[in-house]
Structures are given as structure tokens and as C-alpha cells.
Amino acid sequence: MIRYTLANLFVSQRFVAPTFLYLALLAVLTSNDSGPLVGVYAATAGSLLAAAVWIAVAVANAEDPAARWVALANARRTSDVTAATAVAALLYEAALGIVGLLYPLVSGHHTVSASALGIGAAAELTCAAVGTGLGLLCARPVIVRTGVSTLTGIALVLSVLLIKELPPVSPMLRRMTGGSSVRAAVPNALPFLGFAILGVAALYGCGVVAHRLGRRRD
């Protein structure tokens, strides 16, 4: 089911636009930067969040409704289709995340440490998971109309980025950029594992909601 979902994504070429968005944001936000690497990774993670929402929508909308009904009929459980959509999106986002980890190292001037790389990886996992979950809520069959889906996605991304008390994305990014009480050049990596766990939990919760809402429409 996951391979089938990924194949649909690549055949439809819906991945091109969010990929271009992510790479453009990387180039603008991280090229020739010489600041702390953790702060740069905050920018790459935030960029991945926006791209992940779009990618999840692209994966979910890659097949037409008739093909979705066939997939639902052949799946052992209807939830398998939602799970395959989420996993396929995460796999593609993981590839983008690797680019996000490595590009600042070659485009800027940074002191590289294992702790900074670990924090960057955890931050990108968190944002990819949250973005995928939000994307599932914006995609078919939950939201059918493209305009409504786009506006909902933008609103959700802005909410998780700007509402300071809403975990895990906003508190994590503020911690990485020094906007919280943390003042160390390289923050302790352990809290970022907690952020990643919260991100995966958010993805699971969004997936459950999307599956239940979608089942009513299917």
C-alpha cells in the first residue's frame, strides 16, 4: 500500500511544487549564514513544516476518488489507507529533511557538533510529523475543495508556528533560536526528543481524526 501510494505521488508529479517551495526557502534562509547551527536548523525545520503540510495533501490527493474507493476495497482495514498516506508522506519528507540537515553545512560557515546535528534531526522529525498530520486534515476526503484546503492549511501552519503556548513546534523553535529561557549556544538535546515524541503523537491524533471524518464522506 505504501509503495502504491508513493507511485501515485510520483506519477502525478504533485510533489514538485512543495519540493520547490522547500528548496527555495532553504536557499533564502540558510545560504551564506554564519550564525549558530541550531538557529539555522530552526529555519530548515519551520520550512519543512510548511512543505510537509503540502506534501501530505499532495499524497492524499494524488489518486482520484474512484481509485481511492478501489484502494479502500482492497485494504484489510480502511485505516490502512490513511496510514499509508502518512507513511508515504513521511518517507518523502525524510529525504527533504536530509537535504535540510546537510545544505547549511555546505552553504554557510558553522561550527558543527553531534549535539547540533541531533537537535536539527529531532526538529525536522517533529515538524515533518506535525505537518503531515495537519496535511491529512486538509486533504481529501476530509476537505474536497482546493481553495478551502489551501486556506485551512495556511491557517493551521500559522497557528502552530505563532501560538507560543501550543506545543510542540512553537516552543521548540523558540528554544532553538533563543526565544525561550534557554541561552546556551547549543541547547540540551534531550528536550528535543520530547518534542519529537509530541510531534509523532500529534500526527497519530490528526490521523485518527482524518480517518473518522473521511470515513463519513467515503
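Each reported figure results from applying straightforward, stated rules to the coordinates on display, with no laboratory input. Quick caveat, the model's predicted, so the values are computed rather than measured. Note that each Cβ is placed from the backbone with ideal geometry, even for glycine, and that neighbours are counted across all protein chains shown.
Among the listed residues Ala189, Ala122, which satisfies the condition of being surrounded by fewer than 19 Cβ atoms within 10 Å (Cβ to Cβ) and in contact (Cβ under 8 Å) with a residue 40 or more places away in the chain?
Details: Ala122 fails: surrounded by fewer than 19 Cβ atoms within 10 Å (Cβ to Cβ).
Answer to the check: Ala189.
Could you tell me whether any residue of region 86-104 is in contact with a Cys (Cβ under 8 Å, 6 or more places away or on another chain), in contact (Cβ under 8 Å) with a residue 60 or more places away in the chain and crowded, with 18+ Cβ neighbours inside 10 Å?
We begin by selecting, within region 86-104, every residue in contact with a Cys (Cβ under 8 Å, 6 or more places away or on another chain); these are none.
The answer is no, given that none of the residues of region 86-104 is in contact with a Cys (Cβ under 8 Å, 6 or more places away or on another chain), in contact (Cβ under 8 Å) with a residue 60 or more places away in the chain and crowded, with 18+ Cβ neighbours inside 10 Å.
Give me the residue from region 1-50 that is in contact (Cβ under 8 Å) with a residue 24 or more places away in the chain and among the charged types (D, E, K, R) and, out of that set, nearest to Gly135 (Cα to Cα).
Arg14
Return the only residue of Val11, Val28, Val70, Val38 being surrounded by 24 or more Cβ atoms within 10 Å (Cβ to Cβ), of a type outside the set (Gly, Ala, Ser) and over 16 Å from the mean Cα position of the chain (by Cα). Even if it seems obvious, please write down each step before you answer.
Values: Val11 fails: surrounded by 24 or more Cβ atoms within 10 Å (Cβ to Cβ); Val28 fails: surrounded by 24 or more Cβ atoms within 10 Å (Cβ to Cβ); Val70 fails: surrounded by 24 or more Cβ atoms within 10 Å (Cβ to Cβ).
Step by step, each of Val11, Val28, Val70, Val38 is checked, and only Val38 is surrounded by 24 or more Cβ atoms within 10 Å (Cβ to Cβ), of a type outside the set (Gly, Ala, Ser) and over 16 Å from the mean Cα position of the chain (by Cα).
Among the residues of region 154-164, is any closer than 23 Å to Tyr41 by Cβ and touching a Phe, Trp or Tyr at 6+ places or on another chain (Cβ under 9 Å)?
For region 154-164, residues closer than 23 Å to Tyr41 by Cβ and touching a Phe, Trp or Tyr at 6+ places or on another chain (Cβ under 9 Å): absent.
Failed condition for Gly35, given (1) within 24 Å of Leu156 (Cβ to Cβ); (2) not in a helix (DSSP H, G or I), with all others met?
(1)
May I ask you to verify whether Leu173 is aliphatic (A, V, I, L, M), touching a residue at least 24 places away in the same chain (Cβ under 8 Å), over 15 Å from Ala56 (Cα atoms) and touching a Ser or Thr at 6+ places or on another chain (Cβ under 9 Å)? Please lay out each step first, then the result.
Working: aliphatic (A, V, I, L, M): yes; touching a residue at least 24 places away in the same chain (Cβ under 8 Å): yes; over 15 Å from Ala56 (Cα atoms): yes; touching a Ser or Thr at 6+ places or on another chain (Cβ under 9 Å): no.
Answer is no for this residue.
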